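Single-structure report; data block below.
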Ligand SMILES: C[S@@+](CC[C@H](N)C(=O)[O-])C[C@H]1O[C@@H](n2cnc3c(N)ncnc32)[C@H](O)[C@@H]1O
């Protein structure tokens with residue numbers, strides 16, 4: 001992708017944003033980059049309060065899909081307003097195509113929220129690293145395919161901003177395989193601090209992939225014209241509103257039950273795993289057979305584990 005693949009556009013509500021002409025997607029539609037970054041990611045994750053919660057460890061954010069850096073800059077902005085108080089913030093951004101960031105920098109005058117951040121953006125583009133003058137904010141870029149890079153990541157995140165393009169053009173990022181890789185880097189046990197993931201998608205196969213990867217899944221706050229987003233977590237008790245029995249019943253009737261990459265797994269095992277997920281304990285009916293189409297051409301790759309206490313990632317292989 002190159003700079004000419006992007007253009008400045010107005011969203012449906014009149015905010016200034018960027019369109020990727022190749023995949024024909026307007027980012028942050030409809031409310032624009034700054035409002036979406038703050039409402040969906042920074043405020044919903046409670047970043048400000050977390051930075052002031054008295055813990056002494058660094059607060060690590062995975063910023064998946066750096067793109068035009070709105071989510072990262074909004075997080076930096078939030079931390080800077082706290083001055084010297086609070087925890088250190090470490091943002092780890094993942095991006096496999098820096099053309100969008102280059103385009104954003106060239107057009108920074110179009111985005112008032114970037115005022116004062118050009119130096120940080122230039123450093124992240126050039127050095128893949130930036131530290132704030134006060135030393136309390138560290139920003140690293142992992143350049144390349146998230147699906148490869150995540151396997152090498154060592155620091156586990158407290159917050160995940162999950163913001164690839166939509167599944168219609170970026171399906172591999174919304175699969176069970178991807179969420180399983182991510183889950184392996186998150187909080188491992190109930191005793192450990194939770195990892196909370198926020199994303200704009202509410203699609204059933206995506207939420208199913210999150211469940212099957214070992215997350216608990218909840219309704220996220222409405223943002224702009226979106227009536228709902230998704231908040232997933234390693235710990236059930238950090239979800240404000242876990243997906244309900246009604247969602248589970250609808251999932252059972254859905255013709256899009258399984259993750260986009262379900263053909264790589266034993267779909268019967270996936271369904272059983274879903275039914276046994278501890279978020280839905282006590283629900284009935286516990287298990288429904290698959291329809292024949294979904295049963296075609298399956299490979300037996302799923303290792304069912306006991307999900308009673310804490311769901312663990314599906315293991316492949
Ligand atoms: C919707 S944009 C992100 C917008 C951004 N979060 C912001 O605040 O402006 C999606 C981004 O995800 C990136 N992306 C998609 N698939 C990826 C992958 N496999 N690894 C790393 N980045 C990826 C795209 O290149 C694109 O820049």
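Data for the structure
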{"item": "Efficiency of FRET between residue 22 and residue 128 - r from beta-carbon atoms, R0 30 angstrom, step 0.05", "result": "0.80"}
{"item": "Crossing angle, helix 267-276 versus the chain [Cα axis fit, 0-90 degrees, rounded to tens]", "result": "80 degrees"}
{"item": "Nearest 10 degrees, 0 to 90: helix 70-80 Cα axis against the chain principal axis", "result": "70 degrees"}
{"item": "C-alpha center-to-center spacing [the range 211-282, the range 43-104] in angstrom", "result": "26 Å"}
{"item": "Tilt relative to the chain, helix 204-213 - C-alpha long axis, 0 to 90 degrees, to 10", "result": "80 degrees"}
{"item": "Residue 143-residue 255 pseudo-label distance in nm [points 7 Å out on the Cα-to-Cβ vector]", "result": "4.5 nm"}
{"item": "Relative contact order of the range 199-262, pairs being alpha-carbon contacts under 8 Å that are 6 or more residues apart, as %", "result": "37 percent"}
{"item": "Cα-projected label distance for residue 246 with residue 168, points at 7 Å along beta-carbon direction, nm", "result": "2.7 nm"}
{"item": "For the range 1-32 and the range 118-164, distance of Cα centres in Å", "result": "23 Å"}
{"item": "The range 3-245 - share of DSSP beta bridges that are antiparallel (%, nearest 5)", "result": "50 percent"}
{"item": "For the range 3-245, alpha-carbon Rg and Dmax in angstrom", "result": "16.9, 49"}
{"item": "Added length on full extension, which subtracts the Cα-Cα distance from 0.36 nm per residue, residue 53 to residue 115", "result": "19.4 nm"}
{"item": "Full-extension gain in nm, residue 77 to residue 264, via 0.36 nm per residue minus C-alpha separation", "result": "63.2 nm"}
{"item": "Residues residue 99 and residue 154, FRET efficiency given R0 of 25 Å [Cβ-Cβ distance, rounded to 0.05]", "result": "0.35"}
{"item": "Translational diffusion of the range 36-173, µm² s⁻¹ [Kirkwood Rh, Cα pairs; Stokes-Einstein; 25 °C; 0.890 mPa s]", "result": "161 µm²/s"}
{"item": "Taking only Cα atoms of the range 159-236, radius of gyration then Dmax in Å", "result": "12.0, 38"}
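No value in this document is a laboratory result; all are computed from the given coordinates. As the structure is a computational prediction, the values presented were derived from the model and not from experiment. Cβ: placed from backbone, ideal geometry, glycine included. Neighbour counts: every protein chain shown.
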